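Below: the structure, in structure tokens.
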There are 2 protein chains.
Amino acid sequence: MSYSTRQREAILNTLRRTDRPLTPQEIREGASRDCAGIGLATVYRALKSFMAQKDVLLVEIPGNPPCYEPADRGHHHHFVCDRCRHVFDLHGCVQDLDTLVPRDFSVQRHDITLYGVCAACGTGADG
Amino acid sequence: MSYSTRQREAILNTLRRTDRPLTPQEIREGASRDCAGIGLATVYRALKSFMAQKDVLLVEIPGNPPCYEPADRGHHHHFVCDRCRHVFDLHGCVQDLDTLVPRDFSVQRHDITLYGVCAACGTGADG
DNA sequence: AGAAATATGAGACTGGTTTCTCATTTATAA
DNA sequence: TTATAAATGAGAAACCAGTCTCATATTTCT
């Protein structure tokens, strides 16, 4: 069983109020808002337990450190801005992925990551 | 300028004769065939230099350690078998990836990784 | 062949992330 | 409210990929 604590609530709130996956460090910073002084070990422990309960998912994006997001966002993919390095959630998906593999392979899931320049960086705002 | 050495040739040969991306460790093991006692530092140094010359590409697959492959294989993606963890090169690509992002984002490249069960594992051969 | 540039192997080292330890605190159940 | 299980913070420790050092060896140029 797991107990509900101020720290764990703060961690979940941080994940939920942000629309992109966060690193443990970022989660700690966000959670400090609700729960000053929260430790990094606490963040790791809580993430581990949330993942075991399938409330949180690990998101691994090539070229970026591992990050986490709530599990209830449904199937989606990610966009990484090459300038500001921010990760954005994308909605929608593509068809025909199974046609890429030989017939005797079975495809169970997939990751798609797009890279480019986000709106803010593209307008010359800071790029 | 860079010199051609037994070690570097062994590394390139290993990358070329294997049809999937390899980790530095795997590269070292493969290169030992041609060049016994080759050091890991040598592998890293050579990879760095090959990447600078654009002869070799870094392939980062979520959930797997960084690996490398020759740069002349053209645009392709990867399949990871959840049973044997092998990485397979896939040929072909999909359309309409740009439609996933907002209009003011620009997409410059993408990674697609499929996960599932490969032919060998699926036949019950060892799965 | 001789000189200069580059590469090598071994192992120490680095930088960063994740886990562990342990004394203390907090949450839950009876 | 008491007992028990679980969680916490701080820092130490473990872990690991990748880099560096340095004495030596190899390659290339002339």
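The values are calculated or read from the model by the stated rules, or taken from the named source; none is laboratory data. It should be emphasised that the depicted structure is a prediction, and the values quoted were computed from it without experimental measurement. Cβ: placed from backbone, ideal geometry, glycine included. Neighbour counts: every protein chain shown.
Looking at A:M51, is it modelled with pLDDT under 95, outside the structural domain of A:C118 (by TED's automatic domain parsing) and farther than 30 Å from B:D96 by Cα?
no
Within the range B:68-91, take every residue that is of a type in the set (F, W, Y) and within 10 Å of chain A (Cβ to nearest Cβ) and give me the one that is nearest to A:L90 (Cα to Cα).
Of the residues in the range B:68-91, the ones of a type in the set (F, W, Y) are B:68, B:79, B:88.
With the extra rule that they be within 10 Å of chain A (Cβ to nearest Cβ), the set shrinks to B:79, B:88.
On the way: B:F79: 22, B:F88: 26 Å.
Only one residue tops the list, namely B:F79.
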**Complete:** For the range A:17-46, the count of residues that are in contact with a Phe, Trp or Tyr (Cβ under 8 Å, 6 or more places away or on another chain) and part of a helix (DSSP H, G or I) equals 2
**Prompt:** more than 20 Å from A:G63 (Cβ to Cβ), within 14 Å of chain A (Cβ to nearest Cβ) and part of a loop (DSSP other than H, G, I, E, B), is that true of B:P65?
**Reply:** no
**Prompt:** Could you say which residue among B:G92, B:G74 is at positive phi and under 13 Å from the mean Cα position of the chain (by Cα)?
**Reply:** B:G74
**Message:** With the requirement that a residue be over 17 Å from A:H86 (Cα atoms), surrounded by fewer than 19 Cβ atoms within 10 Å (Cβ to Cβ) and within 15 Å of DNA strand C (Cβ to nearest atom), what does the range A:17-34 give you?
**Reply:** A:D34
**Request:** Given the conditions (1) away from chain B (no Cβ under 14 Å); (2) among the hydrophobic types (A, V, I, L, M, F, W, C); (3) within 11 Å of DNA strand C (Cβ to nearest atom), report the number of the one that A:L58 does not fulfil.
**Result:** (1)
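Are any residues in the range A:5-16 away from DNA strand C (no atom under 11 Å from the Cβ) and either assigned to a loop (DSSP other than H, G, I, E, B) or not β-branched (V, I, T) (or both), and if so, which ones? Walk me through how you get there before you give the answer.
Looking only at the range A:5-16, we keep the residues that are away from DNA strand C (no atom under 11 Å from the Cβ), and these are A:10-16.
Once the filter is applied, which keeps residues that are away from DNA strand C (no atom under 11 Å from the Cβ) and either assigned to a loop (DSSP other than H, G, I, E, B) or not β-branched (V, I, T) (or both), the range A:5-16 yields A:A10, A:L12, A:N13, A:L15, A:R16.
Looking at the range B:45-62, can you tell me whether even one residue there is over 30 Å from A:L58 (Cβ atoms), charged (D, E, K, R) and surrounded by 14 or more Cβ atoms within 10 Å (Cβ to Cβ)?
Start the filter on the range B:45-62 by keeping residues that are over 30 Å from A:L58 (Cβ atoms), which leaves B:45-46, B:49-50, B:52-55.
Next, only the ones that are charged (D, E, K, R) stay: B:45, B:54-55.
Subsequent filtering for residues that are surrounded by 14 or more Cβ atoms within 10 Å (Cβ to Cβ) retains B:45, B:55.
Yes, the range B:45-62 has at least one match.
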**Request:** Give the residues of the range A:92-108 that are within 7 Å of chain B (Cβ to nearest Cβ), of a type in the set (D, E, K, R) and either surrounded by 13 or more Cβ atoms within 10 Å (Cβ to Cβ) or under 14 Å from B:T113 (Cα atoms) (or both), sorted by residue number.
**Result:** A:D96
